[in-house]
Amino acid sequence: MKTLLISFAIMASGFLLATRPARTDLDGAWKQTGSANATVMLTIVDNYLMQTTYEASRFVSTRGGAWQRSGDKLSLSVEFDTADSSRVGQVESYSVMLKNGQLTLSGPAGVRTFANLDQPSDKTPLAGLWRITGRANDAGQIMTMQRGARKTIKLLTGTRFQWAAINPQTKQFSGTGGGTYRFADGQYTETIDFFSRDNSRVGRSLTFTDTVSGSEWRHTGQSSTGGKVDEVWTREP
């Protein structure tokens with residue numbers, strides 16, 4: 001029986017690895033060029049992308065969703081859009097061109113060019129699309145969250161992160177935040193570049209104790225308000 005359980009665990013682990021989206025030449029963090037007044041950041045990993053505009057003094061907008069690519073054509077299934085929620089549920093088409101470390105997207109908003117900032121690698125185990133699936137109660141027990149239309153997801157490239165609390169079914173957007181991160185020797189540190197709910201948190205750095213095991217990421221520490229954080233995140237397939 002023990003041998004059977006071990007074999008099943010190995011098979012399950014292999015299935016998770018096999019179903020994880022393959023890395024693409026679009027994966028990574030990209031910053032729009034020629035934007036003087038605001039930063040426009042594009043993060044792409046695991047067939048999901050988020051595009052966010054922010055200034056030093058305020059958060060401006062964010063949007064994102066799952067994408068598919070065929071040749072030089074990219075289709076984006078919009079899951080959230082703070083500038084125009086009526087776009088949620090729509091599929092947008094873009095032309096894609098990669099050249100000399102620059103990504104050019106031509107679509108509904110015109111032509112935009114982004115310079116590459118990083119790319120995921122074997123040395124960035126947190127890179128990917130994650131969804132929060134558990135949170136510890138007062139007794140320290142992890143309580144599993146029931147999957148539903150509302151979700152909190154987190155997208156990490158080699159150096160950047162962004163989380164978003166969304167409900168694609170109702171087109172509701174509850175909040176987002178993001179910036180840069182470092183992860184080494186079990187210590188995970190975030191530095192906040194934008195926060196839709198409270199701009200006063202911008203510039204803060206928060207350090208957590210984190211472990212990654214297979215498709216699960218345990219994240220513990222304190223939030224920017226001093227509250228206890230003890231969460232489980234699971235890779236989205």
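The values are calculated or read from the model by the stated rules, or taken from the named source; none is laboratory data. Remember, predicted model here, so these are calculated numbers, not experimental data. Using ideal geometry, Cβ is built from the backbone for each residue, glycine included, and neighbour counts are taken over all protein chains shown. Keep in mind that these areas ignore ligands, DNA and RNA; they rest on the heavy atoms of the full protein, side chains included. Shrake-Rupley method; radii C 1.70, N 1.55, O 1.52, S 1.80 Å.
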| field | Members of region 89-116 that are among the polar types (S, T, N, Q), out of contact with any Lys or Arg (no Cβ under 9 Å at 6 or more places or on another chain) and at pLDDT 95 or above | value | 90, 102, 113
| field | Some residue of region 74-85 being within 23 Å of residue 193 (Cα to Cα) and surrounded by fewer than 17 Cβ atoms within 10 Å (Cβ to Cβ) | value | yes
| Given the conditions (1) open to solvent by 40 Å² or more (accessible area, probe 1.4 Å); (2) over 18 Å from residue 113 (Cα atoms), which single one is not true for residue 34? | (2)
| query | Of everything in region 41-88 that's assigned to a loop (DSSP other than H, G, I, E, B) and more than 19 Å from residue 151 (Cβ to Cβ), which residue is modelled with the lowest pLDDT? | reply | 57
| said: Looking at 159, 225, 176, can you tell me which residue is under 30 Å from residue 57 (Cβ atoms), hydroxyl-bearing (Ser, Thr, Tyr) and open to solvent by less than 20 Å² (accessible area, probe 1.4 Å)? | reply: 176
| remark: Here the qualifying pairs (Cβ atoms under 8 Å; residues six or more apart or on different chains; first in region 179-206 and at pLDDT 95 or above; second surrounded by fewer than 17 Cβ atoms within 10 Å (Cβ to Cβ) and of a type in the set (D, E, K, R)) come out as 188/182; 189/182; 191/204; 192/201; 192/204; 195/201
| Residue under evaluation residue 143, criteria (1) under 30 Å from residue 39 (Cα atoms); (2) outside any loop (DSSP other than H, G, I, E, B); (3) among the aliphatic types (A, V, I, L, M), criterion not met | (1)
| field | Residues of region 185-194 satisfying the condition of being in contact with a strand residue (DSSP E or B) (Cβ under 8 Å, 6 or more places away or on another chain) and under 20 Å from residue 220 (Cα atoms) | value | 186, 187, 188, 189, 190, 191, 192
| said: Which of the numbered conditions does residue 200 fail, given that it passes all the others? Conditions: (1) surrounded by 13 or more Cβ atoms within 10 Å (Cβ to Cβ); (2) among the polar types (S, T, N, Q); (3) assigned to a helix (DSSP H, G or I). | reply: (1)
| query | Take the residues of region 192-235 that are under 18 Å from residue 178 (Cα atoms) and β-branched (Val, Ile, Thr): which is nearest to the chain's Cα centre (by Cα)? | reply | 192
| task | Return the total of residues in region 181-197 being open to solvent by 50 Å² or more (accessible area, probe 1.4 Å) and assigned to a strand (DSSP E or B). | result | 4
| Residues of region 124-136 satisfying the condition of being out of contact with any Gly (no Cβ under 8 Å at 6 or more places or on another chain) and either on the phi < 0 side of the Ramachandran plot or surrounded by fewer than 20 Cβ atoms within 10 Å (Cβ to Cβ) (or both) | 125, 126, 129, 130, 131, 132, 133, 134, 135, 136
| message | Quick check on my filter: what residues within region 76-117 are out of contact with any strand residue (DSSP E or B) (no Cβ under 6 Å at 6 or more places or on another chain) and β-branched (Val, Ile, Thr)? | response | 111
| Taking interchain pairs and intrachain pairs at least six residues apart, which have beta carbon atoms under 7 angstrom, with the first residue in region 70-90 and over 17 Å from residue 165 (Cα atoms) and the second of a type in the set (Ser, Thr, Tyr)? | 72/95; 73/93; 73/95; 74/94; 75/93; 76/94
| Single residue of region 89-102 satisfying the filter (open to solvent by less than 50 Å² (accessible area, probe 1.4 Å) and part of a strand (DSSP E or B)) that is farthest from residue 25 (Cα to Cα) | 92
